[in-house]
Amino acid sequence: MKDIQDAPLSRDAFEARLRAIGAERYHDRHPFHGRLHGGHCTPDEVRAWVINRWMYQSRIPMKDAAFMSRVEDPDLRRAWRKRIEDHDGGTAEGGGIRRWLALAQAVGLDPDYVASGVGIMPATRFAVDAYVRFVREMPLLDAVAASLTELFAPKIHAQRIEGLLAHYHFADDSSLAYFKKRLTEAPEDVKFGLNYVLTHANTLEKQDAAAAALTFKTDVLWAQLDALWHGYVEGNIPPGAWRPGEGMAR
Ligand SMILES: O=C(O)c1cc(C(=O)O)c2c(n1)C(=O)C(=O)c1cc(C(=O)O)[nH]c1-2
């Protein structure tokens, strides 16, 4: 009896368990995204989102470098390094980071101000730092599982492109290039990541740990939007955080 209880889920059942976490907890369900994609954000709310999400953007390649620094298998490193290349790109053309700063410019912000990280809310810093630390310290399987929120990202990126194009003057092919590119980049990442997790989580204990990692990551994303809502929709801007009018493009 004990053996049956402790058996891992089948590959399909485990994948369904992971997908159910996204269906219940992914940040596409957060009211801030409804507001943003529905055209109800003020220009300053959009700017606050661009400034604070810079924290996430800027830390993603750092967490991927932290991950790679722990990987002994050259095949895994080779597969993973694409993520850093996607965000940093080459000297001439840049990558996702530069595309995010183009969005910052399009919404009227000084890209150097955004890139400085000054004005990011404390809660955003804490949430994103927690993700980087998680990837640095937890087992590799848990770190890969945490990245699987990207399973759910193409849907929200498509909704975002459509919603922003429909409702905001700043939105066009060039300002939204970041999201357009992610539509093809993210599915490649998750194909690899999902296969890795389904293959390596070969005990119930490891499956539980991977599910917990994915849940943790949904919290990292959700907490950032809660902070944004509290600060800029409800008007409780924390000390030191960006105030409308600051950091504007000259
Ligand atoms: O716009 C979004 O909602 C969203 C979510 C996520 C995510 O689910 O973590 C990522 C991204 N975008 C993204 O653009 C990105 O490059 C990315 C990398 C990762 C990761 O954990 O390695 N998540 C995400």
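The values are calculated or read from the model by the stated rules, or taken from the named source; none is laboratory data. These figures come from a predicted structure and were not determined experimentally. Don't worry about glycine lacking a Cβ; one is built from the backbone with ideal geometry, like all the others, and counts go over all protein chains shown. Ligands, DNA and RNA are excluded from the accessible area calculation, which covers all protein heavy atoms including side chains. Shrake-Rupley method; radii C 1.70, N 1.55, O 1.52, S 1.80 Å.
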Completion exercise
Scanning the stretch 1-39 for residues that are without any contact (Cβ under 8 Å) to a residue 24 or more places away in the chain and either of a type in the set (D, E, K, R) or not in a helix (DSSP H, G or I) (or both), the one most open to solvent (accessible area, probe 1.4 Å) turns out to be 1
Exercise for the section: Would you confirm whether any residue within the stretch 41-54 is away from the ligand (no atom under 16 Å from the Cβ) and assigned to a loop (DSSP other than H, G, I, E, B)? Expected result: yes
Handout entry: Qualifying position, being within 18 Å of the chain's Cα centre (by Cα), over 18 Å from residue 28 (Cβ atoms) and surrounded by 21 or more Cβ atoms within 10 Å (Cβ to Cβ), among 177, 201, 210
Key = 210
Fill in the blank from the handout: Matching residues in the stretch 40-53 (open to solvent by 50 Å² or more (accessible area, probe 1.4 Å) and among the hydrophobic types (A, V, I, L, M, F, W, C)) number 0
Exercise for the section: Give the stretch 142-159 a look and list any residue that's buried (at least 20 other Cβ atoms within 10 Å of the Cβ) and more than 7 Å from the ligand (Cβ to nearest atom), or say none. Expected result: 142, 143, 144, 145, 148, 151
Problem - Check on residue 193, on the phi < 0 side of the Ramachandran plot and not β-branched (Val, Ile, Thr) - result: yes
Problem - Qualifying residues in the stretch 127-173 (those that are assigned to a helix (DSSP H, G or I) and without any contact (Cβ under 8 Å) to a residue 40 or more places away in the chain) - the one farthest from the chain's Cα centre (by Cα) - result: 165
